[in-house]
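Data first, discussion second: the structure below is written as structure tokens.
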Amino acid sequence: MKIASFRVRCVNVTMREPHRTASGVISASPLVLLDVQTDEGVEGHSIVFTYTPAALKPTAELIRNLEPLVAGQPLAPASIFEQLNARFRLLGTQGLVGMAVAGIDMALWDAQARAHGVALHTLLGARARAMPCYGGIGYDGEHDSALAAERWAKQGFKGVKAKIGYPTLAEDIAVIRAMRRATGPGVAIMADYNQSLSPVEARARIAALDAEGLTWIEEPVLAHDYAAFVALAREAKTPLQAGENWWGPLDFRHAFDAGVREHVMPDVMKCGGVTGWMSISAMAQARGTAVSNHLWPEISAQLLVASPTARWLEYADWWNPVLKQPLAVREGMADVEGTLGSGVEFDDAAVERYLA
């Protein structure tokens, strides 16, 4: 089976509720939707999230420009991943190039699984199992964060995670305690600083939060300041989490070499698609490091099932409006049973409504 052509579409999907972070508000998701056609009629699908509309059309055009490099080649995702990374080594394989390559990789793996009539996790040698999910909460303040946490808990979610990094430590603690009161003691609570603290400020805030019983504290400092992150982790009683902004297996290798151990959370688009994820998963397994995900719940659920040290699935419904069949979540557990391919397939009628 050979790769025949790409179909690339741009959409801007309005979010049901705006998602606030310490650095701004996301009210819509600018997405590049990729369909890869093969010469035998099998298609593979993937989503690239560009975060800002300013990068939407350039990313789509870049993916289109990569089509001649892979068209006519056998459907061999890992080989094509290596080929594209070698081709762009001088330009660099992070940023938009990394996103485009990962989008192609995800679509090719989806096509490979569909060609065999199986789920992606089955193709990767894993057996279906349910994954515990947590729901995300924005930078919404004490009152609204508590309401959101309560909604997730009532749906059966096993955990909730809120953005923090308010002007004062007292506000961070108030948000966490309000969520705890809203969910009760049986729900895990995580907190995400979105890289908003200096190492000095992070040390003080983490020490204060150690008494709050958090499952983890995420990205307290700049994502690539591995030395500061590891130093903070050595002092903290609460586990620290990072990885969503590390690019490809090499960034994760640097992080592990620096001493990161307890948790990592690859973003399937930034980490190199399925091929990159599986390399990272193997590194994590060798070190006994728990693997969770960042966004992309459909394909991430498949990859977590195939990751021996998988821990949590971060669930978000942001892109459900353009999907034929969003990920099934039952009583807070992601269910991949019966899925074909990566689980990503587009509702073309809905896509038409969101075209950008």
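The values are calculated or read from the model by the stated rules, or taken from the named source; none is laboratory data. These numbers come from a predicted model, not from an experiment. Note: ideal-geometry Cβ built from the backbone for every residue, glycine included; neighbour counts use all protein chains shown. Quick note on the areas: whole protein, heavy atoms, side chains included, nothing else; ligands and nucleic acids left out. Shrake-Rupley method; radii C 1.70, N 1.55, O 1.52, S 1.80 Å.
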Please list, ordered by first then second residue, the pairs with beta carbon atoms under 8 Å, 6 or more apart or interchain, first in region 149-173 and farther than 20 Å from E314 by Cα and open to solvent by less than 10 Å² (accessible area, probe 1.4 Å), second assigned to a loop (DSSP other than H, G, I, E, B) and of a type in the set (S, T, Y). D172/Y166
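Filtering region 208-222 down to residues that are among the β-branched types (V, I, T) and free of Cβ contacts under 8 Å to residues at least 40 places away in the same chain, which residue is surrounded by the fewest Cβ atoms within 10 Å (Cβ to Cβ)? Steps first, please.
Initially, region 208-222 is screened for residues among the β-branched types (V, I, T), giving 215, 217, 221.
Among the residues that remain, those that are also free of Cβ contacts under 8 Å to residues at least 40 places away in the same chain are: 217, 221.
Working: I217: 27, V221: 24.
Ranking the qualifying residues of region 208-222, first place goes to V221.
In this structure, is G186 assigned to a loop (DSSP other than H, G, I, E, B) and without any contact (Cβ under 8 Å) to a residue 24 or more places away in the chain? Full working, then the answer.
On the way: assigned to a loop (DSSP other than H, G, I, E, B): yes; without any contact (Cβ under 8 Å) to a residue 24 or more places away in the chain: yes.
Taking the combined requirement at face value, the residue satisfies it.
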Condition (residue is more than 23 Å from C271 (Cβ to Cβ), in contact with a helix residue (DSSP H, G or I) (Cβ under 6 Å, 6 or more places away or on another chain) and of a type in the set (A, V, I, L, M)) applied to region 21-29: is it met by at least one residue? no
Scan region 304-325 and tell me whether some residue there is assigned to a loop (DSSP other than H, G, I, E, B), surrounded by fewer than 17 Cβ atoms within 10 Å (Cβ to Cβ) and in contact with an Asp or Glu (Cβ under 9 Å, 6 or more places away or on another chain). yes
Any residue in region 222-240 that is among the charged types (D, E, K, R) and within 24 Å of V25 (Cα to Cα)? no
Against the definition (in contact with a Gly (Cβ under 6 Å, 6 or more places away or on another chain), surrounded by 21 or more Cβ atoms within 10 Å (Cβ to Cβ) and under 27 Å from K57 (Cα atoms)), how does P266 come out, yes or no? yes
Suppose we filter region 298-320 for residues that are free of Cβ contacts under 8 Å to residues at least 60 places away in the same chain, among the small types (G, A, S) and touching a Pro at 6+ places or on another chain (Cβ under 8 Å); how many remain? 0
Is one or more of the residues making up region 146-158 more than 29 Å from A22 (Cα to Cα) and outside any strand (DSSP E or B)? no
Across region 133-143, what is the total count of residues that are farther than 22 Å from Q195 by Cα and surrounded by fewer than 20 Cβ atoms within 10 Å (Cβ to Cβ)? 1
Looking only at region 245-282, count how many residues are part of a helix (DSSP H, G or I) and more than 24 Å from A113 (Cα to Cα). 9
